[in-house]
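Data block below; observations after.
The values are calculated or read from the model by the stated rules, or taken from the named source; none is laboratory data. Every value quoted in this text rests on a predicted model; they were computed, and no experiment measured them. Don't worry about glycine lacking a Cβ; one is built from the backbone with ideal geometry, like all the others, and counts go over all protein chains shown. Surface accessibility is based on the protein's heavy atoms, side chains included, excluding ligands, DNA and RNA. Shrake-Rupley method; radii C 1.70, N 1.55, O 1.52, S 1.80 Å.
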Amino acid sequence: MPDSAPRDSRELRHMLGLDGLAPAIMTEILDTAGTFLEVLDRPIPKVPSLRGVTVANLFFENSTRTRLSFELAEKRLSADTVSFSAAGSSVSKGETLLDTVRNIEAMKVDAVVIRHGASGVPHFLSQRIDAAVINAGDGTHEHPTQGLLDIFTLRKECGRIEGLKVLILGDIAHSRVARSNIFGLTALGAEVKVCGPATLIPRNVESLGVEVASDLDEGLKWCDAVNVLRLQLERMNQGLIPSLRDYQRQFGLTREHLERADREIVVLHPGPMNRGVEIDSDVADGPFSVILEQVTHGVAVRMAVLFMILGHEREEGRG
Amino acid sequence: MKVGLGEADRIVVRGARVFDPQVGLDRVTDILIEDGVISSIGDLSPSQQAQVISGKGWLVVPGLYDMHVHLREPGQEHKETVRTGCAAAMAGGFTGVACMPNTDPPIDSPGVVRFIREQATGLPVEVYPVGCVTKGRAGKTLADMAELAVEGVTAFSDDGAPVATAGLMRRALEYAAKSGAVIVEHAEEPSLTSGGVMHESAASTRFGLPGWPAVGEEICIARDIALAEYTGGRLHIAHVSTAGSVALIREAKRRGIAVTAEVTPHHLTLTCELLSTYDSDYKVNPPLRESRDSEALLEGLLDGTIDAIATDHAPHARDEKEVELISAPFGMLGLETALGVILTKFVQTNRLPLERLIDAMTVQPRRIMGLPPVRIEPGARANLTLIAPNEDWVVDRSQQSSKSINTPFHGWELRGRAKGVILGQQYYLA
Ligand SMILES: [Zn+2]
């Protein structure tokens, strides 16, 4: 949690994570995203809000979806963009990151959207460059815009966040989506439980203000919405789960599970899905799924984040 | 009074508080050193032919000894050399350091031991190379410990890593027992800690960083204590960091097992929550723990469970540290800040008697390493640390003698700092 956490959206200089972010700022982002969602439905879905602003998208880790979503958000706001993808390149990590810092400084971009496989890299950058830093996912830490778009979707579907019961299902320990959801949802007054194999539930998870549901059926009977996380198949090789089949049996979300719970449960998934592993197709494509809405909302939420960080500054500059 | 390095046949330290609990000495007086030997302690008449050091307001204590430093030479001279490490030691008030064998090549042959000692000649700091337990620190077969013992090596360690297997540790303890040498253990069970970059805790969960759990240290200490008891060999646990480890060592000592332990200033004063900044200067092995661990470490230091304070001074080049936290090397500097941090946090606050500081920073580490005691008494070779106990200063990493700057104490306001050292005829004044 940064010491100088902004209290007011005008103090919002970066979007490093939802940990410690003031609820009022989150709400303002969600409200702003609502107005941008309307923009996206217009015949010409574009506004001039960030004209003259340059954003660099630096993706050190593959993520076609998040990258497309950010690029679209930037274009819809009329920002100039450059994109860089270093995923898979074999340059030494340390060198890359320092070179990145120097290059960003030299290019004098206004903002950097960064995805990196190591936790804390956006924090590292924000302490060393003048540009705004927007975290597009850092290691196993946070993915704040994903968290915000999940919350945005829940608010739209359920009409509220306060008092909402949300179950996060799957690999909590290694999930940046889980963390950002936990930080954001609990700050806005939702109740959160997590559910998954004990090996994938981090120790002391209760210290984040959540409870652990002992099994999936119990969790589903309790919740209004379930956020199903993608299972990284490498967890099997690390010995954290015995087999995919075992995982699927205990924690794969199926139609039978939802029927047994006997209540309307909104189903989210950050994508991309392993169909038949953590989620069955008839759930993913079923009536309670909002998975495609999440994708649409992602653009609006990212527009809101970019606008709130970069738009204010420009207004002040002009004034 | 000249600052910097010097050498003199006659040195007079004038008007300082001379404090050596070992000989019951605590008074403001003068010390005369002739040909490197303390010739008299008492009020002296002015003398022209001596190097006079005005010690007014200062404290003079037996030379501090750091039993755990990394000097990086040979092999990683871009981080530190024996000479820059010694410069850091002098600046921190140490007259002796034991350097760990994780160099390249590692300290597993007489040639490397001699090479390191030669680098330090002509300085008022003695360097005691610690030998490898296993050849090449590879964890396969024992190093030629007897051959190293002939060179004066009194301690063996595979530091940076634990002694790889229980079987090797057993043999090392048995083998070293004959020569009275001590095995210094970096306690870590790799199958529990691999990939971990910080203490596994609520904080690591929050920061999304892989954890290095307390039990990863404790299980190794439990193994080694059992082996020390079984073999009768002498075991020393380096950089103890958890409350559970302190309890294990306390119990082992109660049962009369030959185990000793050290604690670092950073484990006594810093906690894992500091990783919230993802600043790799806080990345150290074993990792910073929780405040209840720090409290237990201090308790252990006070009741003698933990014998010594050592820094685990671990220099790293800036470009190696200025990377994503999971890729950064473990380690932080310690030599130049240790005394100031301990004085400020524990002695000035009356949580640690000055007498215990002297015990933990000079008497015990020398005893554990099998070195003769250093005392302030006539006839003894001069081996002294000069301290300004009331000097306020701010740690500035750009003003340090070490070649590296990876200190977590940068910007700390401290009270009390080393002003110099005297070793035989050689002296260093800050
Ligand atoms: Zn070590």
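Sequentially through the range A:157-164, phi angles give Karplus couplings (6.51, -1.76, 1.60; θ = phi - 60°) of 6, 9, x, 6, 10, 4, x, 5 Hz, Gly and Pro residues having no value and appearing as x. Among A:VAL177, A:VAL101, A:VAL290, the residue with the largest mean-square fluctuation in a Gaussian network model of chain A, with springs joining Cα atoms closer than 10 Å, is A:VAL101. For chain B, the equivalent ellipsoid derived from the Cα gyration tensor has semi-axes of 34, 24, 21 Å, listed largest first. Within the protein assembly as shown, antiparallel bridges make up roughly 35 percent of the DSSP beta bridges whose residues both belong there. Length gained on full extension, A:MET107 to A:THR27: 25.5 nm, using 0.36 nm per residue less the C-alpha separation.
Anyone know which of B:VAL347, B:VAL69, B:VAL263 comes out most mobile in the 10 Å Cα GNM of chain B? Evaluated over chain B, the most mobile residue of the options is B:VAL347. Solvent-accessible surface (1.4 Å probe) assigned to A:ARG263 amounts to roughly 80 Å². Interface B-A: total buried accessible area of about 1800 Å², 1.4 Å probe, protein heavy atoms only. Enter the Cα centre distance for the pair the range B:85-159 and the range B:1-79, rounded to the nearest angstrom. So the separation of the two Cα centres works out to 25 Å. Between B:GLU377 and A:ASP246, the distance separating the two model label sites (each 7 Å from Cα on the Cα→Cβ line) works out to 6.6 nm.
Shown are B:ASP159, B:ASP319, A:ASP8, A:ASP280, whose ranking by accessible area with a 1.4 Å probe and every protein chain present, most to least, is B:ASP319, A:ASP8, A:ASP280, B:ASP159. In the context of the full protein assembly, B:ARG27 retains an accessible surface of approximately 110 Å², using a probe radius of 1.4 Å and ignoring ligands and nucleic acids. Sorting A:ARG42, A:ARG51, B:ARG289, B:ARG234 on solvent-accessible area from highest to lowest, probe radius 1.4 Å, gives A:ARG51, A:ARG42, B:ARG234, B:ARG289. In this view, the solvent-accessible surface of B:GLU188, computed with a 1.4 Å probe and all protein chains in place, comes to about 20 Å². Computed over protein heavy atoms with a 1.4 Å probe, the accessible surface of chain A works out to 42 Å² per residue. Once each part is reduced to its C-alpha centroid, what is the distance from the range A:150-206 to the range B:409-423 in angstrom? When both Cα centres are located, 48 Å separates them. Modelled spin-label separation between A:ALA198 and B:SER291, with each label point placed 7 Å from Cα along the Cα-to-Cβ direction: 3.1 nm. Where both bridge residues fall in chain B, DSSP classifies roughly 55% of the beta bridges as antiparallel. Spatial offset of the range B:259-288 relative to the range A:217-241 amounts to 33 Å, using the alpha carbon center of each. Among the listed pairs B:LYS135/B:LYS253; B:LYS135/B:LYS283; B:LYS140/B:LYS253; A:LYS75/A:LYS221; B:LYS253/B:LYS283, a Cα-Cα separation exceeding 32 Å is found for A:LYS75/A:LYS221. What does the charge add up to near B:ARG14, with Lys and Arg as +1, Asp and Glu as -1, over the other residues with Cβ less than 11 Å from its Cβ? Counting the neighbours of B:ARG14, the net charge comes to -1. Principal semi-axes of the equivalent ellipsoid, √(5λ) from the alpha carbon gyration tensor of the protein assembly as shown, are 56, 30, 21 Å from largest down. Which percent of the accessible heavy-atom area of the protein assembly as shown goes to carbon and sulfur, probe 1.4 angstrom? C and S atoms contribute 49 percent here. Across the protein chains, with a 1.4 Å probe defining accessible surface, the residues B:GLU80, A:GLU234 rank A:GLU234, B:GLU80 from largest area downward.
When chain B is treated as a GNM with alpha-carbon contacts under 10 Å, the residue of B:PRO21, B:PRO365, B:PRO129 showing the greatest mean-square fluctuation is B:PRO21.
Other residues lying with their Cβ under 13 Å from the Cβ of B:ALA214 contribute a combined charge of -4, Lys and Arg counting +1, Asp and Glu -1. If R0 is 45 Å, the Cβ-Cβ spacing of A:GLU162 and B:VAL28 corresponds to a FRET efficiency of close to 0.05.
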